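Remarks on the structure that follows.
The values are calculated or read from the model by the stated rules, or taken from the named source; none is laboratory data. Please read these numbers as outputs of a predicted model, since none were measured by experiment. Cβ placement follows ideal geometry from the backbone for every residue including glycine, while neighbour counts extend to all protein chains displayed. Each accessible area value is taken on the protein alone, full model and side chains, heavy atoms only, with ligands, DNA and RNA left out. Shrake-Rupley method; radii C 1.70, N 1.55, O 1.52, S 1.80 Å.
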Amino acid sequence: MDNLDDKRLRVQITEQELLCKNRCGFYGTPQWNGLCSTCWRVYQLEVKRANDYNKNRSLLGNEKQEEKKIDGKGKIRSILGKSPSIMFSNAELTTSTTHSSSASPLTSRSRSPPENEAIQSPFQKYLYETFSSVVAKDIDKNCKHLIHRLFHGDNLSMDELSEIVQAFYQETKDRLLRIKSLPKEFNMSHFMNELEKYICTEAYSALFFSRSDDEAADLSLQDRIRSLHWVTSGFLETALDFSIPKVQDFIDEAVTEIIDINSHMAVEDKLAKLVICSKKIFEALKESRSGAPASADEFLPGLIYIILKANPPLILSNLKFISRFALPSRVIRGESGYYFTNLSCALQFIQDMNAESLRMRKDEFEAYTTGKQMAPLVNRDCMSNLAIRSMENSLKQLQLLREDQMKIKHRMQELEKRLNEDAEEFKLNVQRFLDSYPSEKVRQICQSLKDEPEEWRFLS
């Protein structure tokens, strides 16, 4: 087998490559063909207009050909056939409309909005505390109408629902800007954040993972990540130093945060988890570089590694949900926009990963992916066995303790030696003092006092 180091996958994407292809200055994503959300919606609108134009031209062409083949009576019949409303009276139309509108939506819809007029949501309380009752009621009514429309939009595609929600964001903002009597403390950015959170939370079951194609795409991606789990055993080149226990702690925290994205409904909360996860990766990279800050080029391989390790649930549906229903400012600029773009690139990179990108034979890649052959492990990058890693860390700690013990023993020996030397020196000094004192003169005086008669001592 070829040298494993030659097969290590190096991921390099520059900051410039993350930006929108239209050079608008915002971040683009592979899911939008390299465009930002704003340019992508403009592009979709242009494509839709072109398709509608071609479709109308085709229909007009077919009608002209039919008109040439039929007589005047046939023309009338064809017109009547295409316009059923002409064949009914106004009363009949009214009756049919009444019946259709009075029918319960639950008879044709499997989902229904969670409406409860008696309970006010935090957003509704915010509306009535911020605006006048007229403005608050108007916004509340429009929001409920939108949510009802989203829950009853089974005939609409997710992209069409996205256009409806984005248009509602913009229309609501424009209407508020035309109001001259807004409170001085009113903050438009805060209001839009609250509006986004309310719409996405209330209509979550209608907007998130509600289509079979989204479910199939998520299951396919999860299977793909599961089959590529062996890539984390040394085939992906990262700047992470797995021999450092603190790096492992940051990686475990990053895995927890990216998995937790799916447990939140609001776009803001999902992106907050992504930001925390990304910062944990940067901390792990910084720790791996002995405290030196990591570069943006080193972040993407780290994020790919975390996704392969975590295999986060419904990550593709979460990505689509954010891109479709988030405020444009969240995903095209700023901290959350940068990390969201990197997440999109990482998922696209994983989906496109193959034998050629890993610089290995196709049969070898297929054997590892299907589990027929066990991928070789690389000591410096492998974290596959938690027990072995724990044992290695314990052995390392024991070695450090042993080294500390040897240092303490050496210092104790030095202290004992110094104490013995000080004791000998003290004895010599005492003996020297005893030999030197008292002096000869003092000794003669003491001796004379001893020889002195007792009566003299009494008189003195």
Taking segment 354-396, which residues are under 18 Å from Pro301 (Cα atoms) and modelled with pLDDT of 85 or more?
none
Is one or more of the residues making up segment 415-423 under 60 Å from the mean Cα position of the chain (by Cα), part of a helix (DSSP H, G or I), at pLDDT 90 or above and surrounded by 10 or more Cβ atoms within 10 Å (Cβ to Cβ)?
yes
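Condition test on Ile225, is it under 27 Å from His264 (Cα atoms) and in contact with a Cys (Cβ under 7 Å, 6 or more places away or on another chain)? Walk me through it before giving the result.
Working: under 27 Å from His264 (Cα atoms): yes; in contact with a Cys (Cβ under 7 Å, 6 or more places away or on another chain): no.
Taking the combined requirement at face value, the residue does not satisfy it.
Condition test on Phe349, is it part of a helix (DSSP H, G or I) and open to solvent by less than 50 Å² (accessible area, probe 1.4 Å)?
Working: part of a helix (DSSP H, G or I): yes; open to solvent by less than 50 Å² (accessible area, probe 1.4 Å): no.
Criteria not met by Phe349.
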I'd like the full set of residues that are crowded, with 18+ Cβ neighbours inside 10 Å and farther than 16 Å from Arg324 by Cβ, limited to segment 126-150.
Leu127, Thr130, Phe131, Ile139, Asp140, Cys143
